[in-house]
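The values are calculated or read from the model by the stated rules, or taken from the named source; none is laboratory data. Not measured: the values here are computed from a predicted model. Don't worry about glycine lacking a Cβ; one is built from the backbone with ideal geometry, like all the others, and counts go over all protein chains shown. Each accessible area value is taken on the protein alone, full model and side chains, heavy atoms only, with ligands, DNA and RNA left out. Shrake-Rupley method; radii C 1.70, N 1.55, O 1.52, S 1.80 Å.
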Amino acid sequence: MNIHEYQSKAILRDFGIPVAPGIAISDPREAIAAVCELKGSLFAVKAQIHAGGRGKGTFKEPEAGEGGGVRLAHSREEVEAHARQMLGHTLVTLQTGAAGRKVKRLYIEAASPIEKEFYLALLVDRTAGRIAFVASTEGGVSIEEVAKNTPEKIATFSVDPATGAMPHHGRALASALHLSGDAGRQAEKLATRLYTAFVDKDMALLEINPLILSKDGRLVCLDAKIAFDDNALFRHPELAALRDEAEEDPREVEAAKHDLSYIALQGTIGCMVNGAGLAMATMDIIKLYGAEPANFLDVGGGATKEKVAAAFKIITADAHVKGILVNIFGGIMKCDVIAEGVIAAVKEMGLKVPLVVRLEGTNVELGKALIARSGFNVIAAEDLDDAAQKIVAAVSKR
């Protein structure tokens, strides 16, 4: 689960991690009050969407004015003007795609004079089974660009969960950022506090880009992106309450309500599969035969008829879907349950695109018989290769 920058900074502040003072607003009329509370002479007006590259983004609407999703203002009147231009308009960045995201909230922040910018992130290193620090002296730009052009400027080290963050980890961070003296000591404290926050809140990613050294020698987290482990949210109702469903794909939100693993993609062939590995193989073979999957959808091993029907509805609600492939290997999941769910969904919503069904495993003959007797125009397949070829061929004829 992702949250907004202003929410991320509130969490960091609770752990004593240095961030600039700021106020979130959702109405331009709140801008002047926010500036009066923050004081100062220079402010950053930052669009709050779940996407990176905001500063380099562009707005779709001309009335949003010139500039991206992060703008500087030298007066309260300029802050209010930016707020009126940005709120309610659509910001397009490299991460949003062409559709962009409507800006519904801004973060007004007291601007910090910058001496140097750094990149810093904590993430789960699943290979090592540890939390890893990733640091670079090249902050303020995409870490992918740094990895491609100057990989030697990226330092990585991990923390043994048995010991937690130790003083030598702080020194390693200071060294990686080429900081010494008081700035180096600040980096050491920062490493410990970030690690504590990461573990305490069950984070999956904590990215600070940029982390800055201000003109007056302070380390400040100028931006913050946090993603949480969805599987741990039951332990943190206060974090679950921060979810902004308006920033998520509505199909993914609906899938989560039915405990379905669903990720929307850009292709035209909808997939309904049981098991993540089989789902990946299904998407791969669709690509092998020259088409693109429209989604990843794993109904799981113990899905009910109702759950399968919900999954089918989510797939058919995607206007880009030109064909559907149901690929089920019944173990715990029974093929007749899948068949009943598909039939129920088709009866309710109709079948407007080609549907290929491949069933194998528990109660496979019963499942095939149910589909055959349904009277719907369903294309049967014997194996995965056969199913992929048939659905790609059916879609190509449309």
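Quick notes on this structure:
- Longest site-free stretch - the chain; sites: GluC sites (Glu not before Pro), DSSP loop, at most 16 other Cβ within 10 Å: 67-247
- Counted residue by residue at 0.36 nm each, then reduced by the alpha carbon distance between them, the extension gain from Ile263 to Ile114 reaches 49.8 nm.
- Legend: calculated FRET efficiency, Ala132 to Asp249, from the Cβ-Cβ distance at R0 = 51 Å, rounded to 0.05, equals 0.95.
- Remark: segment 1-124 carries a charge dipole of roughly 300 debye about the Cα centre, counting +1 on each Lys and Arg Cβ and -1 on each Asp and Glu Cβ.
- Each distinct pair of alpha carbons in the chain adds a 1/r term; the inverse of their mean, the Kirkwood radius, is 23.8 Å.
- Within segment 1-50, trypsin sites (Lys or Arg not before Pro) in DSSP loop having at most 14 other beta-carbon neighbours inside 10 Å: Lys39
- Solvent exposure of segment 1-132 as accessible area per residue, Å², 1.4 Å probe: 47 Å²
- Difference of contour (0.36 nm per residue) and Cα-Cα distance, His320 to Arg29: 100.8 nm
- Prolate/oblate/rounded call for segment 117-194, Cα gyration tensor, a/c under 1.5 rounded: oblate
- Charge tally around Ile143: other residues with Cβ under 11 Å, Lys/Arg +1 each, Asp/Glu -1 each, net -2.
- Net charge of the neighbourhood of Ala204, taken over other residues with C-beta under 9 Å away and scored Lys/Arg +1, Asp/Glu -1, is -3.
- Positive dipole terminus of segment 4-148, leading residue within Gly140, Leu42, Ala121 (C-beta point charges): Ala121
- Peptides 221-227, 323-329, 87-93 ordered by average Cβ neighbours within 10 Å, highest first: 323-329, 221-227, 87-93
- From its DSSP helices (H runs of at least four residues, each -39,500 (n - 2.57)), the chain gives a residue-normalised ellipticity at 222 nm of -11000 deg cm²/dmol.
- Cβ-based net charge around Val346, under 14 Å, with every Lys or Arg adding one and every Asp or Glu removing one: +3
- Of the solvent-accessible surface of segment 155-225, computed with a 1.4 Å probe and all protein chains present, 51% belongs to carbon and sulfur.
- Of the cross-linked pairs Lys60/Lys225; Lys305/Lys352; Lys148/Lys322; Lys102/Lys201, those separated by over 26 Å at the C-alpha level are Lys148/Lys322; Lys102/Lys201.
- Remark: segment 279-398 carries 45 Å² of accessible area per residue (probe radius 1.4 Å; ligands, DNA and RNA excluded).
- Alpha-carbon Rg with Dmax, taken over segment 1-119, Å: 13.8, 41
- Taking a straight Cα-Cα cut-off under 15 Å and skipping sequence neighbours fewer than 8 places away in the same chain, the aspartates and glutamates within cross-link reach of Lys368 are Asp336, Glu340, Glu360, Glu382, Asp383.
- Considering only alpha-carbon pairs that sit under 8 angstrom and 6 or more positions apart, the relative contact order computed for the chain is 12 percent.
- For segment 307-398, with all protein chains in place and a probe radius of 1.4 Å, 54% of the accessible heavy-atom surface sits on carbon or sulfur.
- Interatomic Cα distance distribution for segment 172-252, bins of 5 angstrom, percent: 3, 12, 20, 20, 15, 10, 9, 8, 2, 1, 0
- Percent carbon-and-sulfur accessible area, segment 93-135, ignoring ligands, DNA and RNA, probe 1.4 Å: 51 percent
- Backbone N within segment 270-295 under 13 Å of label point (7 Å from Gln389 Cα along the Cβ vector): 289
- Available extension along the chain between Lys287 and Lys56 is 79.9 nm, counting 0.36 nm per residue and deducting the alpha carbon span.
- Computed FRET value (nearest 0.05) for His74 with Ala380, which takes r as the C-beta separation and R₀ as 56 Å: 0.25
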